[in-house]
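Have a look at the structure below before the remarks.
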Amino acid sequence: AKRAGKNRIFFFNDHLSQEVKRHVQVHNEILDGLRKGQFELYLQPIMALSSGRVSKCEALVRWVHPERGLISPVEFIPVAEQTGAIKPLGEWILDEACHLSNQLRESGHSIQVSINRSVAEFYPKDADQRWLQIIDSHNVPHDMIVFEITESLLMDGGDSQLDKINMLRGKGIAFSIDDFGTGYSAINYLRHYPVDYLKIDRSFITDLLEDEQDRTLVEVIIKMGQTLGIRVVAEGVEDQAQMDMLKEFGCDYIQGFYLGKPLPYDEFIAFLSGDS
Ligand code: C2E
Ligand code: CA
Ligand code: CA
Ligand code: CA
């Protein structure tokens, strides 16, 4: 038994060191990619159902790798969160989002840009100050910026994270709860830590027409949003029938492939021009 235990420990350490090596490698590649300008922000339209107008968009990062091509954030964001590379990467993302926000307004499109902020990005003590500095260095009006956070930040973040949210909200930056319904679903926190938007997770929308339970949950979330004065965005809307049902339920905004996929800035502008 001792022997097996030893072997297991040996195996575990070996496995661990492989994982560490891979993380160190990806970490260095991300920093290198940042220096070489390999990252790009794609923009996905968000439409107000009442007016049919694209009034917001979500910034989604892409890694345009010289050898490996377009890499999805699902592959590098979680690693970046673990190694700490998310700090410079996230600051670059915010900086670029502010730049694009100005460009959008200069080309006549008054569109809010929604930016993802993961829990790990909130860790540094001065994260809120840093972000405000970046936003102000571009002179972006604060009401043009939305930060997308997850339920876990509100649940486990403690007072220091909530202070950061409150500081930024106090400056006029809006907050949205991403992937709503997939986390702890402790609705109580919504009373104590007001946010501006909640985004119903795509997993509730996919079977909206076929699944009665999903439909009921979506209806309840929208009602709850209305009651609390929180505007509701449905993500992952892929067809007209889903859009029509969400409109009937009183949902405020939709986002999804039905309306448009995430696009590079130039294509997003072309999309907007064809749209109006
Ligand atoms: P998320 O924030 O939930 O972003 C929505 C994801 O759903 C995006 O995937 C988007 O392309 C995809 N999507 C949008 N509409 C539809 C649809 O109708 N159908 C389907 N099947 N998918 C749709 P993406 O761009 O691959 O991003 C994945 C995740 O990576 C994001 O999920 C977010 O958690 C993270 N991420 C992306 N960009 C950033 C970033 O700039 N910062 C941080 N911290 N995380 C990011
Ligand atoms: Ca998001
Ligand atoms: Ca989401
Ligand atoms: Ca999601």
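A few comments on the model shown:
- Residue that is open to solvent by 70 Å² or more (accessible area, probe 1.4 Å), small (Gly, Ala, Ser) and either modelled with pLDDT under 95 or out of contact with any Gly (no Cβ under 6 Å at 6 or more places or on another chain) (or both), where the choices are Ser110, Ser137: Ser137
- A search for C-beta distances below 7 Å between a residue of segment 199-210 that is open to solvent by less than 10 Å² (accessible area, probe 1.4 Å) and any residue that is part of a helix (DSSP H, G or I) and more than 13 Å from ligand 1 (Cβ to nearest atom), counting only pairs 6+ apart in sequence or on different chains, returns Ile200/Val218; Ile200/Ile221; Leu208/Asp214; Leu208/Arg215; Leu208/Val218; Leu208/Met245.
- Selection status of Glu151, within 16 Å of ligand 3 (Cβ to nearest atom) and among the charged types (D, E, K, R): yes
- Residues in segment 34-44 include at least one that is part of a helix (DSSP H, G or I), open to solvent by less than 60 Å² (accessible area, probe 1.4 Å) and either more than 16 Å from ligand 2 (Cβ to nearest atom) or among the hydroxyl-bearing types (Ser, Thr, Tyr) (or both).
- Of everything in segment 223-276 that is part of a strand (DSSP E or B) and either among the aliphatic types (A, V, I, L, M) or modelled with pLDDT under 95 (or both), the residue that is nearest to Ser114 (Cα to Cα) is Val233.
- Matching residues, segment 77-96, being of a type outside the set (A, V, I, L, M) and either farther than 19 Å from His23 by Cα or more than 16 Å from ligand 2 (Cβ to nearest atom) (or both): Gln82, Thr83, Gly84, Lys87, Pro88, Glu91, Trp92, Asp95, Glu96
- Test result for Phe257, away from ligand 1 (no atom under 13 Å from the Cβ), out of contact with any helix residue (DSSP H, G or I) (no Cβ under 8 Å at 6 or more places or on another chain) and closer than 30 Å to Phe39 by Cβ: no
- In segment 148-187, the residues that are under 16 Å from Gly229 (Cβ atoms) and more than 16 Å from ligand 4 (Cβ to nearest atom): Arg169, Ala174, Phe175, Ile187
- On the stretch given as segment 54-105, residues that are open to solvent by less than 20 Å² (accessible area, probe 1.4 Å) and among the aromatic types (Phe, Trp, Tyr) total 2.
- Applying the criterion of being open to solvent by 10 Å² or more (accessible area, probe 1.4 Å) and under 15 Å from the mean Cα position of the chain (by Cα) to the residues of segment 166-179, the residue that is nearest to Asp143 (Cα to Cα) is Ala174.
- Whichever residue in segment 161-184 is under 19 Å from Ser118 (Cβ atoms) and part of a loop (DSSP other than H, G, I, E, B) and, among such residues, is nearest to ligand 1 (Cβ to nearest atom): Thr182
- Identity of the residue in segment 186-212, in a helix (DSSP H, G or I) and modelled with pLDDT of 95 or more, that ends up farthest from Ser176 (Cα to Cα): Glu212
- Note on segment 54-129: enclosed strands (runs of 3 or more DSSP E) holding 2 or more residues that are under 16 Å from Gln44 (Cα atoms) are 54-65, 112-116.
- Matching residues, segment 216-254, being within 13 Å of ligand 1 (Cβ to nearest atom) and of a type in the set (A, V, I, L, M): Val233, Ala234, Val237, Met243, Leu246, Ile254
- Hey, Ser114 under 15 Å from Ser55 (Cβ atoms) and touching a Lys or Arg at 6+ places or on another chain (Cβ under 7 Å) or not: yes
The values are calculated or read from the model by the stated rules, or taken from the named source; none is laboratory data. No experiment lies behind these values; they were computed from the predicted model shown. Note that each Cβ is placed from the backbone with ideal geometry, even for glycine, and that neighbours are counted across all protein chains shown. Please note that ligands, DNA and RNA were not included when accessible areas were found on the heavy atoms of the full protein model with its side chains. Shrake-Rupley method; radii C 1.70, N 1.55, O 1.52, S 1.80 Å.
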